[in-house]
1. Ala219 is checked against (1) open to solvent by 20 Å² or more (accessible area, probe 1.4 Å); (2) aliphatic (A, V, I, L, M); (3) within 19 Å of Asn165 (Cβ to Cβ) and fails just one. What number does that condition carry?
2. Please state which one of Cys28, Cys33 is farther than 20 Å from His234 by Cα, more than 19 Å from the chain's Cα centre (by Cα), surrounded by fewer than 18 Cβ atoms within 10 Å (Cβ to Cβ) and modelled with pLDDT of 95 or more.
3. Having 3 or more residues that are more than 18 Å from Gly348 (Cα to Cα) and open to solvent by 10 Å² or more (accessible area, probe 1.4 Å) is the bar; report the strands (runs of 3 or more DSSP E) wholly within segment 121-189 that clear it.
4. Answer yes or no: is there a residue in segment 335-345 that is of a type in the set (Ser, Thr, Tyr), in contact with a helix residue (DSSP H, G or I) (Cβ under 7 Å, 6 or more places away or on another chain) and assigned to a loop (DSSP other than H, G, I, E, B).
5. In the set Thr38, Thr82, Thr32, which member is touching a Phe, Trp or Tyr at 6+ places or on another chain (Cβ under 7 Å) and over 21 Å from Ile243 (Cα atoms)?
6. Looking only at segment 239-268, which residues are open to solvent by 20 Å² or more (accessible area, probe 1.4 Å), small (Gly, Ala, Ser) and under 21 Å from Ala46 (Cα atoms)?
7. If a residue must be β-branched (Val, Ile, Thr) and in a strand (DSSP E or B), how many such residues does segment 265-277 contain?
8. Using beta carbons and a limit of 7 Å, which pairs, at least six apart or on different chains, have the first residue in segment 123-141 and more than 12 Å from Thr342 (Cα to Cα) and modelled with pLDDT of 95 or more and the second one among the basic types (Lys, Arg) and open to solvent by 30 Å² or more (accessible area, probe 1.4 Å)?
Amino acid sequence: RATGVTLPGVDGGVYDTHPDLVNRMLPCTGPTCGGSATDAHGTHTAGIMAADGSSGVLAGGFLRGLGMAPGANLIEQVYWPTFTQAGGMLKLMTDSVRNDASSSGNSWGPAGSPLGYDGDTRQVDVGVRDADPDADGDQPLLYVLSAMNGNGGTSSLGTPDEGKNMFTIGSTKMQSGSTVQYPDIDNISSNSSHGPALDGRSIPAMVAPGCSVDSSASATGYQLMCGTSMASPHVTGASALFIEYYRHLVGADPRPAVLKAASTAVAKDLTGNHDADGNVLTHLFDNKQGWGRMQVAPVIAPPQAVQYIDQSEIFDDTGDSWSQTFTADDPAQPIRIMLAWTDAPGHGLGGSTPAWNNDLDLRVTADGETYLGNAPDNSGWSVTGGSADAKNNTEAVFLQSAQHAGSVTIEILATDINSDGLPSSGD
């Protein structure tokens with residue numbers, strides 16, 4: 001249920017007296033709070049995240065007003081006019097963490113066309129690392145973002161879609177009525193944008209149901225809406241479920257990179273289905289489905305043991321490395337390994353200039369073979385050979401049981417450390 005987790009819905013406002021939302025709303029303090037602002041779009045995205053079904057309204061035997069994380073708390077923030085002001089993107093994130101948020105839902109953007117890694121995008125990458133620079137220590141914030149409704153094509157993203165550290169989400173099909181689900185829910189919906197980023201990095205990170213989705217949309221009612229706006233709130237709500245799960249597991253909040261890694265490692269591969277242009281998807285990790293379609297159950301109730309390694313090792317210099325050998329919980333099942341890191345902020349200049357800074361590389365040895373990160377075959381399983389990925393800050397090795405033989409040695413290589421990726425630490 002995500003009890004005790006706070007999610008800011010950053011949008012145009014919320015009908016916060018809606019019976020499925022009224023018990024979820026917390027007071028918001030700060031200049032970006034919504035106050036009396038009301039908006040159907042913002043109410044819809046808030047409902048997908050955390051509506052609790054208190055109205056008792058049913059559709060097809062299910063609670064119509066039930067969101068992903070019905071025990072989470074919501075705070076209402078409005079993006080306008082703050083995002084138009086100098087430093088406004090970071091200011092929105094600062095207000096979020098000052099209201100005790102761990103994950104932020106964003107179904108909007110300051111630009112509807114691809115601008116590359118511009119200043120607004122850089123601010124968000126800064127905020128994921130530390131959303132309140134004036135406070136002692138680091139205040140990380142997972143920034144879940146709806147990719148632009150770019151209608152397929154190539155590099156049809158908006159801003160700040162091309163960030164490195166945020167969780168950018170595209171859209172799949174969902175339903176045509178309050179009780180009618182599309183049979184082809186594993187197709188990317190036609191509204192969704194495609195990557196890559198202008199500098200060649202793979203975007204989006206993942207996809208989720210977005211067209212169309214039934215949710216709260218007024219002071220009392222409901223409405224189907226279609227858009228990437230409806231996709232990312234599913235992921236924001238799911239992130240709150242994982243935060244609660246992780247708190248019980250280790251007694252602390254997961255950092256944003258761990259949230260991304262946990263979700264993308266077990267996303268559903270949509271290869272063989274269709275992209276937004278109707279073309280067949282051919283492989284993971286691509287510029288249309290990313291790591292695949294969100295799946296919640298294997299994230300918060302994994303069928304095999306999962307090892308989380310969350311910012312316990314620091315690389316100070318190029319050439320540093322870390323390695324550890326792991327034994328499979330069930331040797332008959334696949335092993336899925338995901339490396340994710342929060343990179344130092346890029347240049348903020350926009351355009352096609354490369355925006356990545358530090359380069360970490362994943363290398364896995366199993367049964368006498370070596371596998372590099374992001375080198376899968378068309379069925380999604382890692383293969384030997386290939387070359388290291390120098391651009392992206394998520395890297396995976398997925399091995400079938402016959403490939404790993406019950407044991408793997410995982411290495412993380414600091415191939416290029418040129419920027420401070422960890423605020424207030426090291427040199």
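The values are calculated or read from the model by the stated rules, or taken from the named source; none is laboratory data. Just so you know, these numbers come straight off a predicted model, no measurement behind them. Cβ: placed from backbone, ideal geometry, glycine included. Neighbour counts: every protein chain shown. Heavy atoms of the whole protein, side chains included, go into the accessibility calculation; ligands, DNA and RNA do not. Shrake-Rupley method; radii C 1.70, N 1.55, O 1.52, S 1.80 Å.
1. The failed condition is (3).
2. Cys33
3. 175-177
4. The answer is yes, given that some residue of segment 335-345 is of a type in the set (Ser, Thr, Tyr), in contact with a helix residue (DSSP H, G or I) (Cβ under 7 Å, 6 or more places away or on another chain) and assigned to a loop (DSSP other than H, G, I, E, B).
5. Thr38
6. The one that is open to solvent by 20 Å² or more (accessible area, probe 1.4 Å), small (Gly, Ala, Ser) and under 21 Å from Ala46 (Cα atoms): Ser263.
7. The total comes to 0.
8. These pairs meet every condition: Asp132/Arg98.
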